[in-house]
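Just so it is clear, none of the values below were taken in a lab; they were calculated from the coordinates. Keep in mind that this is a model prediction, so the values were computed, not measured. Every residue, glycine as well, gets a Cβ built from its backbone with ideal geometry; the counts of neighbours run over all protein chains shown.
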Amino acid sequence: MSSMLEIRPDAGGAYLLVLRSGDCEFAAGALGRVFLPAGLYAYAGNALGPGGTQARLARHLRTSKRLHWHIDY
């Protein structure tokens, strides 16, 4: 057994997206219109499904996708 930490991008786990934004107003599903002032924002999620964190982060980066979570908006 190795004492080294092995990181596998296809493994499930938790992640944190840190986003910097200017003033922004947008429609966010059932929340309706939302205004976010300029600043740093963090979104915590989990990636327990197929493909693990690599697949979930790739989905967040896609521009063409079904809008499902509030972060998608």
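For helix 52-61, report the angle its Cα long axis makes with the longest principal axis of the Cα atoms of the chain; keep it between 0 and 90° and round to the nearest 10°. The angle comes out at about 30 degrees. About its Cα centre, the chain has a charge dipole of approximately 200 debye under the convention of +1 per Lys or Arg Cβ and -1 per Asp or Glu Cβ, with nothing else charged. Full extension of the segment from Tyr41 to Arg66, taken as 0.36 nm per residue of separation minus the current Cα-Cα distance, would add 6.8 nm. Across segment 16-73, counting alpha-carbon atoms alone, Rg and Dmax equal 12.5, 35 Å.
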